[in-house]
Structures are given as C-alpha cells and as structure tokens.
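Q: Below: one structure in structure tokens.
Where a number appears in this text, it was derived from the coordinates with a stated rule and is not lab data. Treat the numbers as computed from the prediction; the structure is a model and nothing was measured. Ideal geometry is used to build each Cβ from the backbone, glycine not excepted, and the neighbour counts take in all protein chains shown.
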Amino acid sequence: MKRILVLGAGAMGSAFTVPCVDNNNNVILIGTHLEDEVIENIKKEKNFHRVLDCKLPENLKVEKFEKFQDELKKKPDLIVVGVNSKGIEWAGKEISKNYKFPTSILLLTKGLSVINNKFETLVEKFKLILSNNNIKESNISAVGGPCLASGLANRIKSSVVIANENESLANNIANIISTNYYNAEISKDVLGVEICAAIKNIYSMIIGASEGLSSDRANKEVKNKYYLNTAASLMYKSISEMTYFTKS
C-alpha cells in the first residue's frame with residue numbers, strides 16, 4: 001500500500017483518486033485554497049462529488065488546503081498535481097515548502113508553457129518552479145491520454161501514458177495506479193506525450209465538426225449519412241500533424 005497525496009479537488013484530480021483507492025492505496029484528496037466549499041460539500045454529502053455527479057470511494061480521505069503541508073511532511077510516495085494550468089506555479093511553490101526528493105510528482109495538468117520565448121512542457125516548467133524555490137532535485141512525471149474525468153470516476157475502461165525520461169520511475173507510478181479499468185502504459189518520450197496531450201483536444205474539436213465540414217454542396221441529411229469520409233480524413237491529417245510536431 002502506497003501513500004498518495006492529490007492536490008486539487010476539481011473533476012480530474014478527484015476522479016484520479018478512484019483507481020488509486022481501488023488499487024489498495026492510502027489516498028488523500030486535498031482541495032486548493034479556492035476549494036474549501038467544494039471539500040465541505042464532499043464531506044457533508046459522504047464523498048459525493050457534485051461536478052462528477054457520483055460518489056467517490058468511501059475510504060478516500062478528503063481535506064481542506066489547510067492540511068496540505070501536514071500531509072506533505074508525512075512523505076507521501078506519490079504527489080499528484082490536479083490543478084489547472086493557471087495554478088501550476090502556485091502548486092509548485094506550495095509543494096516546494098516541504099518536498100523531499102526522491103518522492104515522485106505526477107502532473108495531471110495538460111498544456112504547454114512559454115519559457116524564455118520557447119514553448120516548454122509543464123514538466124520542465126514545474127522543475128524550474130521547484131528549482132527557483134530551492135528544490136534542486138525532483139522526480140516529475142506527466143500523464144497523457146484520452147481520458148475524461150466523469151468516465152474515470154465511474155470506472156469506465158481507459159488508457160493513459162505515464163511519461164518520464166527514466167522508464168523505471170514511470171513504471172513504478174504505473175504499478176501504483178493501474179487497475180483492470182485504468183490501464184497505464186509508460187514512455188520516456190516526455191516531450192511527445194506532453195505535446196500530444198496538449199494539442200489532441202484541438203483535433204478532437206475539428207473531427208467533431210466533420211459533419212459540418214464534409215461538404216459545401218450536400219444538404220444536411222446527406223452530410224449526416226456520409227460525413228465519415230471527412231472524419232477519417234481529418235483523423236489521418238491530425239495524426240500526421242502530431243507526428244510532425246513531435247519530431248520537429
């Protein structure tokens with residue numbers, strides 16, 4: 001049994017606790033300083049999460065942010081960052097107050113950042129934040145994959161990729177969080193996984209609009225029946241473009 005500390009009680013941070021608990025870990029979900037009311041409601045409603053519209057595991061421990069540093073001092077085996085991209089810097093500063101290497105940090109947050117006029121992954125940004133707060137050594141992994149929070153919270157079969165340049169470290173995390181419905185593969189291509197995780201939603205929206213994009217001549221009924229040609233074409237072009245980005 002491992003001790004897992006999840007920071008962020010939003011949809012994905014909360015949903016992520018489900019496979020962690022189901023894999024027999026000791027899991028603590030702590031809201032950010034902006035989520036006290038969310039935590040109060042979860043506790044009051046016996047671990048029911050209003051946004052996910054489902055109940056989180058009964059043995060999941062849920063706490064307000066005021067307890068975060070105390071839990072951090074207990075040296076969890078895995079720290080999971082489930083805040084949005086705007087909260088990454090704040091989360092890094094808070095974790096740096098009592099972070100002890102070689103504890104693993106896993107970023108659920110998706111996106112890219114601009115550092116010194118260059119696009120960088122959030123793993124690199126998080127390392128820089130910790131370094132700027134006197135943490136010179138850190139172990140940070142990223143997770144990517146087509147996984148919606150509501151599906152995960154309801155134990156719908158999902159697949160993700162844990163990325164770390166050290167495959168052994170990524171494999172350790174995968175072993176901690178994997179269940180029969182949450183399949184975690186590993187990769188040492190952090191850049192590729194993070195870029196694809198960040199831009200896949202753009203392609204999803206484009207492919208989702210394929211019916212409307214399928215023709216400027218056909219009527220709505222015809223497009224509704226035959227738009228899959230366009231969807232397949234957009235899927236191919238999306239994969240080709242993702243390949244180009246990750247090689248450039």
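Q: Starting at the first residue of the stretch 212-218, write each ³J(HN,Hα) from the Karplus equation 6.51 cos²θ - 1.76 cosθ + 1.60 with θ = phi - 60°, in whole Hz, x for Gly and Pro.
A: Residue by residue, the stretch 212-218 yields x, 8, 5, 6, 9, 10, 5 Hz.
Q: Measure out, as a whole number of angstrom, how far apart the alpha-carbon centroids of the stretch 6-30 and the stretch 70-89 sit.
A: 11 Å
Q: Using unit Cβ charges (K, R positive; D, E negative) and no other charged atoms, how large, in debye to the nearest 20, is the dipole of the chain about its Cα centre?
A: Dipole size: approximately 80 debye.
Q: Hey, what did the chain get for relative contact order, percent, Cα under 8 Å, at least 6 apart?
A: Working: 455 pairs, mean separation 39.9, N = 248.
Worked out over the chain, it gives 16 percent.
Q: Taking R0 as 22 Å, what's the FRET efficiency between Tyr236 and Ala209 from their Cβ-Cβ distance, rounded to 0.05? Could the numbers behind the result be given before it?
A: Values: r = 16 Å, r/R0 = 0.72.
Given R0 = 22 Å and the Cβ-Cβ separation, E is 0.90.
Q: Averaging sequence separations of C-alpha pairs under 8 Å and six or more residues apart, then dividing by the length of the stretch 200-248, give the relative contact order as a whole percent. Kindly include the intermediate steps, with their values, before the conclusion.
A: Numbers: 25 pairs, mean separation 19.3, N = 49.
The normalised contact order for the stretch 200-248 reaches 39 percent.
Q: Whole-Hz ³J(HN,Hα) for each residue in the stretch 229-236, computed from phi via Karplus 6.51 cos²θ - 1.76 cosθ + 1.60 with θ = phi - 60°, x for glycine and proline: what do you get?
A: 4, 5, 4, 5, 5, 5, 4, 4
Q: Given the DSSP H assignment, sum -39500 (n - 2.57) over each helix run of at least 4 residues in the chain and divide by its residue total; what's the result at 222 nm in deg cm²/dmol, nearest 500? Provide the component values of the computation, followed by the final result.
A: Numbers: 11 runs with 113 residues, N = 248.
Dividing the helical sum by the residues of the chain leaves -13500 deg cm²/dmol.
Q: Next question, about the same structure. Taking springs between alpha-carbon atoms closer than 10 angstrom, which of Leu34, Leu52, Leu107 fluctuates most in the Gaussian network model of the chain?
A: Judging by the Gaussian network model, the answer is Leu34.
Q: Past 24 Å, Cα to Cα: identify those pairs from Lys67/Lys188; Lys73/Lys118; Lys74/Lys136; Lys110/Lys220, in the order given. Could the numbers behind the result be given before it?
A: Working: Lys67/Lys188 34 Å; Lys73/Lys118 35 Å; Lys74/Lys136 20 Å; Lys110/Lys220 35 Å.
Distance filter (> 24 Å) returns Lys67/Lys188; Lys73/Lys118; Lys110/Lys220.
Q: Can I ask one more? Between Met1 and Asn84, with labels modelled 7 Å along Cα→Cβ, what's the label distance in nm to one decimal, could you check?
A: 3.6 nm
Q: Something else now. Amide H neighbours of Val62 under 5 Å, counting only residues 5+ apart in sequence or on other chains, H built in-plane at 1.01 Å?
A: It is Leu29, by chain and number.
Q: Given R₀ = 45 Å, what would the calculated FRET efficiency be for Lys136 paired with Phe245, taking r from the Cβ atoms and rounding to 0.05? Show your work: numbers first, answer last.
A: Numbers: r = 31 Å, r/R0 = 0.68.
In this case the efficiency is close to 0.90.
Q: Moving on to the next point. Calculate the FRET efficiency for Asn117 and Ala218 from the Cβ-Cβ distance with a Förster distance of 51 Å, rounded to the nearest 0.05.
A: On the way: r = 45 Å, r/R0 = 0.89.
Working from the Cβ atoms, E equals 0.65.
Q: Once label points are set 7 Å from the Cα along Cα→Cβ at both Asp53 and Glu66, what is their separation, rounded to one decimal in nm?
A: 3.3 nm
Q: Which of the three applies to the stretch 7-78, rounded, prolate or oblate, going by the alpha-carbon gyration tensor with a ≥ b ≥ c and a/c under 1.5 meaning rounded?
A: Working: a/c = 1.82, a/b = 1.13, b/c = 1.61.
Because a/c hits 1.5 or more and a/b fails to exceed b/c, the stretch 7-78 counts as oblate.
Q: Follow-up. Run the simple label-point estimate for Leu128 and Ser159 please: 7 Å along Cα→C-beta, distance reported in nm.
A: In this crude spin-label approximation the distance works out to 3.3 nm.
Q: Sort 129-137, 56-64 for me by packing, meaning the mean count of neighbouring Cβ atoms within 10 Å per residue, highest on top. Walk me through the intermediate numbers first.
A: Details: 129-137: 14.0, 56-64: 16.4.
My ranking of the peptides, most packed first, is 56-64, 129-137.
Q: Does anyone have the angle between helix 190-208 and the longest principal axis of the chain? Alpha-carbon axes, 0 to 90°, nearest 10?
A: Helix 190-208 sits at roughly 40 degrees to that axis.
Q: Quote the relative contact order of the stretch 41-156 in percent (integer), defining contacts as alpha-carbon pairs under 8 Å separated by 6+ residues.
A: On the way: 135 pairs, mean separation 26.7, N = 116.
Once divided by the residue count of the stretch 41-156, the mean separation gives 23 percent.
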